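Taking it in order: structure first as structure tokens, then the write-up.
The values are calculated or read from the model by the stated rules, or taken from the named source; none is laboratory data. Source: prediction; values computed, not measured. Methodologically, a virtual Cβ is constructed for each residue, glycine included, from the backbone with ideal geometry; neighbour enumeration extends over all protein chains shown.
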């Protein structure tokens with residue numbers, strides 16, 4: 001295994017922990033939410049959360065993309081040190097403007113159905129804390145400080161969980177409790193990073209800036225407002241449509257079940273990409289097209305090997321697993337989980353296809369693809385939601401994600417030599433996942449009434465069938481040989 005591959009898997013382990021801990025805490029929160037919130041209350045929280053996400057795209061997420069692309073922590077390139085200063089100044093200025101506009105719109109009653117006036121100031125403070133947290137996480141990623149990021153994220157997630165429980169039980173807060181807990185954890189995260197990295201975060205005087213370099217930096221990032229904004233339309237705009245075309249209760253049922261699937265799927269997607277991005281960008285600067293393609297396709301193979309069986313397995317056991325976590329009226333929405341899980345599969349594959357376009361600076365093409373997919377989603381939601389409610393929203397999302405994937409695949413193959421190449425290994429992974437899915441489905445007929453025990457049996461059957469199938473088909477032959485060789489070296 002090369003040093004680059006060892007580095008990738010080293011970072012992968014840490015980022016896995018970074019995203020798995022929130023996933024576990026998320027599972028623990030689901031029964032708390034569904035026991036203490038009404039469907040309408042959770043729907044309202046989802047709308048506030050979605051709004052913070054949209055405003056975060058405008059204020060910081062596009063900066064994060066540019067920062068990951070340009071910042072390599074190269075001591076020989078003093079221009080990079082400017083990026084920290086200009087990024088923090090820019091995001092602070094943008095959030096301040098947004099906060100003023102939100103206050104004015106709230107006073108005029110324009111946004112009160114989405115952000116009720118009693119939560120306005122909490123939402124504004126959350127905007128500042130969440131965006132600073134987001135930027136400093138990107139800073140740690142760009143510096144390849146996966147271990148530090150993992151430890152800090154784990155600690156602050158647990159602090160948020162504990163603070164939420166404290167506020168919920170002692171102060172009888174609902175939406176306010178989770179907003180306040182998030183703000184507290186964000187502030188702690190930001191302060192710790194600033195203290196730990198203060199030697200590397202020297203503030204640059206504005207008169208010392210290389211304006212041409214800063215301009216190039218922002219021009220690269222700005223198109224991602226559109227790209228990420230369209231991604232928001234794909235993933236979160238259906239909450240607003242459900243609110244205005246149906247009611248807050250349907251928003252709550254849809255959101256909790258969608259989030260349940262998301263908590264399983266998105267960490268798998270994000271872990272790989274968080275690890276791969278800095279490696280791919282650096283390899284692109286120093287390596288050949290062949291080398292970049294090799295790294296990109298190797299990472300994608302392992303991603304596909306993990307994401308597909310997870311989607312199929314979750315779809316098969318969705319009824320049983322949600323019965324353990326989702327309570328009361330929320331539980332009826334489990335039927336959307338298989339639909340949105342397959343949507344996440346296409347969304348995840350699309351991310352790797354679009355990474356090829358990012359590497360060759362074809363971000364406008366990504367924006368065009370995103371617009372078509374978002375338009376598809378909006379039109380289908382307008383048709384399906386009045387007829388089928390949250391089921392219609394789920395189906396619209398799946399179709400839109402597939403359109404996103406298909407267009408990304410077409411554009412990648414026509415605009416760049418950096419591309420994902422589907423091979424016989426991917427077909428074998430599909431076959432192995434299908435075999436696993438049949439085995440897990442048949443487990444539903446076992447005469448076992450204890451749901452946790454039945455799920456444990458089904459998962460065990462699935463893992464066994466999947467690994468054996470991959471082994472028999474020769475997909476993991478290289479990995480098997482490396483493992484055997486490593487064990488022999490340790491034994492000698």
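The requirement of being surrounded by fewer than 18 Cβ atoms within 10 Å (Cβ to Cβ) and assigned to a helix (DSSP H, G or I) is fulfilled somewhere in the range 354-365, by at least one residue. Set side by side, the residues 416, 412, 376 differ, and just one is without any contact (Cβ under 8 Å) to a residue 60 or more places away in the chain and farther than 30 Å from residue 332 by Cα, which is 412.
Here the condition is being modelled with pLDDT under 85, in contact with a helix residue (DSSP H, G or I) (Cβ under 7 Å, 6 or more places away or on another chain) and over 16 Å from residue 136 (Cβ atoms); of 12, 54, it holds for 12 alone. Within this structure, residue 401 fails the test of being assigned by TED's automatic domain parsing to the domain that holds residue 307, assigned to a helix (DSSP H, G or I) and surrounded by fewer than 22 Cβ atoms within 10 Å (Cβ to Cβ). Here the helices (runs of 4 or more DSSP H) wholly within the range 149-243 that include at least 1 residues being more than 28 Å from residue 362 (Cα to Cα), in the same structural domain as residue 70 (by TED's automatic domain parsing) and in contact (Cβ under 8 Å) with a residue 12 or more places away in the chain are 175-196. Collect the residues in the range 107-128 that are crowded, with 20+ Cβ neighbours inside 10 Å and assigned to a helix (DSSP H, G or I), keeping them in residue-number order. Listed by number, the residues that qualify are 123, 124, 126, 127, 128.
Residue count for the range 414-426, restricted to those that are part of a helix (DSSP H, G or I) and exposed (fewer than 14 other Cβ atoms within 10 Å of the Cβ): 2. Across the range 379-406, what is the total count of residues that are in contact (Cβ under 8 Å) with a residue 24 or more places away in the chain and more than 21 Å from the chain's Cα centre (by Cα)? Number of matching residues: 7. Beta carbons closer than 8 Å, at least 6 apart along the sequence or on distinct chains, pair a first residue in the range 445-473 that is within 15 Å of residue 321 (Cβ to Cβ) and in the same structural domain as residue 432 (by TED's automatic domain parsing) with a second that is assigned to a loop (DSSP other than H, G, I, E, B) and modelled with pLDDT under 95 for 454/446; 454/448; 457/446; 457/448. Annotation: of all residues in the range 139-155 being more than 12 Å from residue 197 (Cβ to Cβ) and surrounded by 22 or more Cβ atoms within 10 Å (Cβ to Cβ), the one that is modelled with the highest pLDDT is 153.
Condition check ((1) closer than 19 Å to residue 348 by Cβ; (2) modelled with pLDDT under 80) across all residues:
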| site | (1), (2) |
| --- | --- |
| 272 | yes, yes |
| 276 | yes, yes |
| 292 | no, yes |
| 298 | yes, no |
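Within the range 24-46, one or more residues are surrounded by fewer than 19 Cβ atoms within 10 Å (Cβ to Cβ) and part of a loop (DSSP other than H, G, I, E, B). Can you find even one residue in the range 261-268 that is in contact with a helix residue (DSSP H, G or I) (Cβ under 6 Å, 6 or more places away or on another chain) and modelled with pLDDT of 90 or more? Yes: one or more hits. Being over 12 Å from residue 412 (Cα atoms) and modelled with pLDDT of 90 or more is a property that residue 371 lacks.
Over 19 Å from residue 187 (Cα atoms), out of contact with any strand residue (DSSP E or B) (no Cβ under 9 Å at 6 or more places or on another chain) and surrounded by 15 or more Cβ atoms within 10 Å (Cβ to Cβ), is that true of residue 86? So residue 86 fits the description; yes.
Scanning the range 285-294 for residues that are closer than 18 Å to residue 420 by Cα and surrounded by fewer than 20 Cβ atoms within 10 Å (Cβ to Cβ) turns up 287, 288, 289, 290, 291, 293, 294. Annotation note: Cβ proximity below 7 Å between a residue of the range 274-301 that is not assigned by TED's automatic domain parsing to the domain that holds residue 67 and a residue that is surrounded by fewer than 14 Cβ atoms within 10 Å (Cβ to Cβ) (sequence gap 6+ or interchain) occurs for 283/291; 289/417; 297/421. Screening the range 296-306 for residues that are in contact with a helix residue (DSSP H, G or I) (Cβ under 8 Å, 6 or more places away or on another chain) and surrounded by fewer than 22 Cβ atoms within 10 Å (Cβ to Cβ) and picking the one that is farthest from residue 33 (Cα to Cα) gives 298. Filtered by the rule that a residue be surrounded by fewer than 13 Cβ atoms within 10 Å (Cβ to Cβ) and over 32 Å from the mean Cα position of the chain (by Cα), the range 208-223 gives 208, 211, 212.
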